[in-house]
Amino acid sequence: MNQADRLERLKKRYGKEKTPDSFGAPGPRRARQIGGGSPKNSRETIRRLLGYMEGDAPKLFLAFACIILNTIGTLLGAYLLRPIINTYIVPVDGSRGDPAGLARALALMAFVYLVGVGANYLQARIMLTVAQAALRRIRTDLFGRLQSFPVHFYDTNSNGDLMSRFTNDVDTVGMMLSNTLVQLFAGILSIVGTLFLMVYTNIWLTLVTLAMIPLMMKAGGAVAKRSHKYFSAQQASLGAVNGYIEEMISGQKVVKVFCHEEAAQEEFDLLNGELRDNQIRAQFFGGIMGPVMGNLSQVNYSLTACIGGLLCIFRNFDVGGLTVFLNFSRQFSRPVNEISMQISNVFSALAGAERVFSLMDEVPEQEDDRDAVVLKPMEGHVVLDHVTFGYDPGQVILKDISLYAKPGQKIAFVGSTGAGKTTITNLLNRFYDIQGGSITIDGVDIRHIRRDNLRENIAMVLQDTHLFTGTVMENIRYGRLDATDEEVIQAAKTASAHSYINRLPQGYQTMLEGDGANLSQGQRQLLNIARAAVSRAPVLVLDEATSSVDTRTEKHIEHGMDRLMADRTTFVIAHRLSTVRNANAIMVLEHGEIIERGDHEELVAQKGRYYELYTGLSELE
């Protein structure tokens, strides 16, 4: 694979989405795109951004009033130079200057400028407050949307790219709201006011200045067009780099075990090189705007000075008027330059905003049916009736699965990797909806049970552990937030975790960080089992829950789990068949079908697939 193809593969994987490759892997296998690229509807994006500022409309009104006051102060202060020169410095009537009058005029000019400076300071404070409030709303909405997405969304999208939208993209939006928006409005207002005073001062010199505007706009438009494209590419490349870094950091042990450091460095270099190239192009075309417009402004200033001097000689144009007009000529070009330079920030912010809004516009998890019920209490009678399911409609994973489980029963799933064992437990939680058949709990189809009620009554212990930053006590209590300290400790005893927790530096108050990096894999799993124990959920799912613990610890856990499962409906997925010997029923799955079922003795007596797995005559694929 050449570097170009390799780069495209990396950009697709880390910049847009992660696509499961293995048969039976959780998540849809069809790739989806959530933004990136050039903004498709800048007007709609701007409208949505302004919508986040509607709550601060009075502050916005005051800020824009301050901008108007600052612009008037700046223009009026500049125009006062004309009567000062013509009256007090070089009187047009040939009389001597008036130092006292000059002092009063300069004091008035200073006062006008001071008012403008004060107004500018006030609007800056107000806009910072408004912008940060808008960013808070955007991040709150964005995080809320993330909570509403189905599980398969996270199975198919890069965590790093999602985090980049929270940080880099939202920050570029904040910069535009606090600075760029104000500068654009102030620039436009300054251009209009300056043009009015220029016409009032001298119409002929004004025409010279206006003749340069089409040239400046054409040059600025050509640069802005390129800048727009490369700033969008820059944001997309930044998301890809963040996605790759996030995955490499979280998987650093695997990288080192398989000596993948050099390959990881090469892949990062490809993504980083792409980001560098896009940033160079974006920053070049964004930065060149100022010099281009500045040089054209200098040409305009020189032409105005030459023609104005001729008018003073041959048409009796006053020196004060020429001085003021030259000042206005430069002042007229300054907001044009600033607006042109801010265009790159606008494009960058719009590209970031569209990436944020494209994430917000993702389809959330399907809402509960209007007739959805709440089962209280839920007993745990679970029935799967001819269930058919596939992550991809064209690839069926489960085929005509039927089984039932009563409270207190332990149902085990065994079979080859990819046979569909974990998929069944995902369907119980409605992480995905089935395509055929039905799943009922206590006689009610789970599609007619409120999701929050369904999931709070199903406790899961997964093979992959996850602990949050916080104390051991808080991590166990995550299973039921209203659990007392005594209930948490009892749950830890049930999971055989109490003794090792007491040996930690602060016991149950020991802080865990980095997903419990200061604990062994087995200890982390014990905390996850304790979390399930404290939940009081009537249905328990154990997906290779003891795969990360040693045999001695496993025996302790099994005794605790027997107590835990006494009144619960339990589903167990295990490759270590010794852990399912005491199951009430064992389901042997192959290629999405139940090919054998029964208890341990019955299945061994049949000498079928389970017998081969148990005796080691056949290995799990």
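The values are calculated or read from the model by the stated rules, or taken from the named source; none is laboratory data. Model, not experiment: these values are computed from the prediction. Cβ atoms come from the backbone with ideal geometry, glycine included; neighbour counts cover every protein chain shown. Ligands, DNA and RNA are excluded from the accessible area calculation, which covers all protein heavy atoms including side chains. Shrake-Rupley method; radii C 1.70, N 1.55, O 1.52, S 1.80 Å.
For the peptides 526-532, 465-471, residues were scored by their other Cβ atoms within 10 Å and the scores averaged per peptide; the highest-first order is 526-532, 465-471. Classify the range 472-546: rounded, prolate or oblate, from the alpha-carbon gyration tensor (a ≥ b ≥ c, eigenvalue square roots; a/c under 1.5 rounded; otherwise prolate if a/b is larger than b/c)? Verdict is oblate for the range 472-546. Among the trypsin sites (Lys or Arg not before Pro) found in the range 425-492, those both in a DSSP coil and sparsely packed, with 16 or fewer other Cβ atoms within 10 Å of their Cβ, are 450. Within the shell of other residues whose beta carbon sits under 12 angstrom from the beta carbon of residue 606, the net charge comes to -2, with Lys and Arg scored +1 and Asp and Glu -1.
Sites listed here are trypsin sites (Lys or Arg not before Pro) in the range 292-365 whose DSSP assignment is loop and whose Cβ has at most 14 other Cβ atoms within 10 Å: 315.
Which whole-number value in Å² is the accessible area per residue of the range 291-340, probe 1.4 Å?
Heavy-atom SASA per residue in the range 291-340 reads 46 Å².
With the alpha-carbon atoms of the chain aligned to their principal axes, the span from lowest to highest coordinate is 123, 56, 50 Å, starting with the largest. Ranked by the mean number of other Cβ atoms within 10 Å of their residues, highest first, the peptides 272-283, 160-171 come out as 160-171, 272-283.
In a DSSP loop and with at most 11 other Cβ atoms within 10 Å, the GluC sites (Glu not before Pro) in the range 318-379 are 367. Computed with the Debye formula from one identical point scatterer per Cα of the range 174-227, without solvent, the log10 of I(q)/I(0) at q = 0.17, 0.19, 0.22 Å⁻¹ comes to -0.73, -0.84, -0.95. Using alpha carbons only, how many angstrom separate the centre of the range 418-448 from the centre of the range 330-402? Each part's Cα centre sits 22 Å from the other's. Among 464, 98, the order of accessible area from largest down is 464, 98, computed with a 1.4 Å probe on protein heavy atoms. For the set 607, 229, solvent exposure ranked by accessible area (probe 1.4 Å, protein chains only) runs largest to smallest as 607, 229.
With all protein chains kept in place, the per residue accessible area of the range 464-545 amounts to 43 square angstrom at a probe of 1.4 angstrom. The gain in end-to-end length when the residue 367 to residue 163 segment is fully stretched comes to 70.9 nm, 0.36 nm per residue minus the alpha carbon separation.
R0 = 35 Å: FRET efficiency of residue 464 with residue 280, Cβ-based, nearest 0.05? For residue 464 and residue 280, the calculated efficiency is 0.30. Ordering of 144-155, 405-416 by packing is 405-416, 144-155, highest average first (other Cβ atoms within 10 Å, averaged per residue). In the context of the full protein assembly, residue 302 retains an accessible surface of approximately 60 Å², using a probe radius of 1.4 Å and ignoring ligands and nucleic acids.
Distance between the 7 Å Cα→Cβ label points at residue 108 and residue 139: 5.0 nm. Solvent-accessible area of residue 312, all protein chains in place: 40 Å² (probe radius 1.4 Å, heavy atoms, ligands and nucleic acids excluded).
Of the whole protein surface, residue 256 contributes about 120 Å² of accessible area at a 1.4 Å probe radius.
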